[in-house]
Amino acid sequence: MADQPLVLGIETSCDETGVGIVRGETLLVDAIASSVDEHARFGGVVPEVASRAHLEAMVPTIERACTTAGIGLRDLDAVAVTSGPGLAGALMVGVASAKALALALGVPLYGVNHLASHVAVDIVEHGPLPEPTLALLVSGGHSSLLLVPDVTHDVRSLGSTIDDAAGEAFDKVARVLGLPFPGGPHIDRAAGEGQVVIDFPRGLTTGRDLERHRFDFSFSGLKTAVARWVQAREASGQPVPVADVAASFQEAVTDVLTRKAVLACREHGVEHLQVGGGVAANSRLRAMARERCEAAGIELRVPRPGLCTDNGAMVAALGAQLVLKGRSPSDLSLPADSSMPVTLVQS
Ligand code: KG4
Ligand code: ZN
């Protein structure tokens, strides 16, 4: 085990300052400091507030990670960092910190894609990724179906959202229902108390839409349908059944996501589906994916909820894979790339 590379990963693409340490394919620690409470009253992440919080949290979070893992910085073999996509100012804090650390320690630096990291984190949970794997990546900023022959250098996009990301839809619908930000976990909880009684639209799942957008998603029509339904209810003076609306909305999102993921596995002859990103923490999505994969003979891999939402372990996990597969490190001039394409694993 001691001959496996010891890699520290830094994640700062949004509002979580994450520092994870992985040895080979074993997770030693996943330390997180979140600024989510500072954004809640604005109903969304405020980039300036997030950047400042990363600056303040970075050194204490690195120290906490090392202490918990029982290692010193001098033990590290490499440093990995999210170089994109994400909020530019937030990414810059992580990238600058990682460069300083790599330079001071004299170890290689790997700038990695946040989205590929959401896929790679499953390696520290369930072992090596089968090649190819099909990945359903659902977060606050992205919703994609990816064909992944090799997570260290070959990630192909089969489709993505043409408007809102799945997590964004959860957050916006939560706001309509008067639930706090970020809305995903609150909708998940409320839905548990409700029934699926409203038939909300499933975008891009039938006829010409499906033909033209086979593996794409659209959630903006669904979000509008929920808002209209709630408004009509309020206008008629009746109470809004929050739990039932949450359950019905959640059912529509998870139905579309799992239906298209299974279809993509079938059509591309892939027998393994990995679900990642913050929305993969959703209890209904996890249950429905399990049922549908079982019925279709597909192996399902979903990390525990804490590794689905943003964290440093995922960056360390992908960094360690890059080291293990002998990929070249990034240059110290590595930029923070806020719009890094999903197909670029490393920068
Ligand atoms: O991956 P992530 O932590 O950050 C991004 O890269 O965007 O995803 C955050 C998103 C938010 O929109 C949040 O509402 C959603 O993931 N989320 C959930 C749940 N937990 C987090 N959505 C549905 N159900 C959940 N349990
Ligand atoms: Zn993410």
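All of the numbers you see were taken from the coordinates with simple rules; none came from a lab. It should be emphasised that the depicted structure is a prediction, and the values quoted were computed from it without experimental measurement. Cβ: placed from backbone, ideal geometry, glycine included. Neighbour counts: every protein chain shown.
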Study note, to complete from the structure: Scattering profile of the chain from the Debye formula, Cα beads only, expressed as log10 I(q)/I(0) at q = 0.14, 0.15 Å⁻¹, is -1.08, -1.21
Review point. Which whole-Hz couplings ³J(HN,Hα) result when phi for each residue of region 270-285 is put into the Karplus expression 6.51 cos²θ - 1.76 cosθ + 1.60, θ = phi - 60°, listed in order with x for Gly and Pro?
Key: 9, 9, 10, 10, 10, 10, x, x, x, 5, 5, 6, 5, 5, 5, 4
Exercise for review: Kindly work out what percent of the DSSP beta bridges joining two residues of the chain are antiparallel, to the nearest 5.
Suggested key: 60
Practice item. Any chance you could run the full-extension gain for D163 through L263? It's 0.36 nm times the residue separation minus the Cα-Cα distance, nm to one decimal. Key: 33.9 nm
**Study point:** the chain: Lys pairs at Cα distance under 30 angstrom, eight or more positions apart or on different chains
**Key:** 4
Revision key, fill the gap. One point scatterer per Cα, no solvent, Debye formula: log10 I(q)/I(0) for region 235-315 at q = 0.11, 0.25, 0.27 Å⁻¹ comes out as -0.37, -1.18, -1.26
Practice item. Calculate the spin-label point distance for S283 paired with V49, positioning each point 7 Å from the Cα along the beta-carbon direction, and give it in nanometres. Key: 2.8
**Study point:** Residues in region 1-28 reached by a label modelled at R74 [backbone nitrogen below 12 Å; 7 Å Cα→Cβ]
**Key:** none
Practice item. Report Rg/Rh for region 1-93, rounded to two decimals, where Rg is the Cα radius of gyration and Rh the Kirkwood radius. Key: 1.02
Review point. Along region 18-34, what does the Karplus equation 6.51 cos²θ - 1.76 cosθ + 1.60 (θ = phi - 60°) give for ³J(HN,Hα), rounded to whole Hz, x for Gly and Pro?
Key: x, 10, x, 10, 10, 10, x, 10, 10, 7, 9, 7, 9, 9, 9, 10, 10
Practice item. Take the chain, connect every pair of alpha-carbon atoms lying under 10 Å apart with a spring to form a Gaussian network, then pick out the residue of A166, A104, A320 with the largest mean-square fluctuation. Key: A104
Point to revise | Size of charge dipole - the chain - debye, nearest 20, with Cβ of Lys, Arg +1 and Asp, Glu -1, no other charges | key: 440
Review point. Most exposed first by the Cβ proxy, i.e. fewest other Cβ within 10 Å, how do M340, M58, M314, M288 rank?
Key: M288, M58, M340, M314
Point to revise | Calculated from backbone phi, Karplus (6.51, -1.76, 1.60) coupling profile of region 242-258 in Hz, x at Gly/Pro | key: 3, 5, 5, 5, 4, 5, 6, 5, 4, 5, 5, 5, 5, 4, 5, 4, 6
Point to revise | Length added when fully stretched, A296-V36, from 0.36 nm per residue minus Cα-Cα | key: 89.8 nm
Review point. With labels modelled as points extended 7 Å from the Cα through the Cβ direction, what inter-label distance (nm, one decimal) is found for D150 paired with V240?
Key: 5.0
Revision key, fill the gap. Net charge (Lys, Arg +1; Asp, Glu -1) of residues whose beta-carbon lies under 11 Å from that of D171, D171 excluded, is +1
Study note, to complete from the structure: Fewest-first ordering of L324, L285 by Cβ atoms within 10 Å yields L324, L285
Check your understanding: Does a label point 7 Å from the Cα of S338, set along Cα-to-beta-carbon, have any residues of region 81-108 with amide nitrogen under 13 Å, and which are they?
Key -> 84-93
Revision key, fill the gap. Checking region 31-84 for trypsin sites (Lys or Arg not before Pro) in a loop per DSSP with at most 15 other beta-carbon atoms within 10 Å yields R41
Study note, to complete from the structure: Nearest 10, in degrees from 0 to 90: the angle of helix 220-235 to the longest Cα principal axis of the chain is 50
Exercise for review: Treating the angle as unsigned and between 0 and 90°, give the value, to the nearest 10°, between the Cα long axis of helix 166-176 and the longest Cα principal axis of the chain.
Suggested key: 50
Check your understanding: When the chain is treated as a GNM, springs tying every alpha-carbon pair under 10 Å, which of A120, A296, A280 comes out with the largest mean-square fluctuation?
Key -> A296
Exercise for review: Of the options F219, V323, M288, report the single residue whose Cα projects farthest towards the positive end of the charge dipole of region 205-327 (beta-carbon charges: Lys, Arg +1; Asp, Glu -1).
Suggested key: V323
Study note, to complete from the structure: For I162, I71, I21, ascending order of other Cβ atoms within 10 Å (fewest first) is I162, I71, I21
**Study point:** Spin-label zone in region 111-131 - amide nitrogen under 16 Å from a point set 7 Å from the Cα of L324 along the C-beta vector
**Key:** 117-131
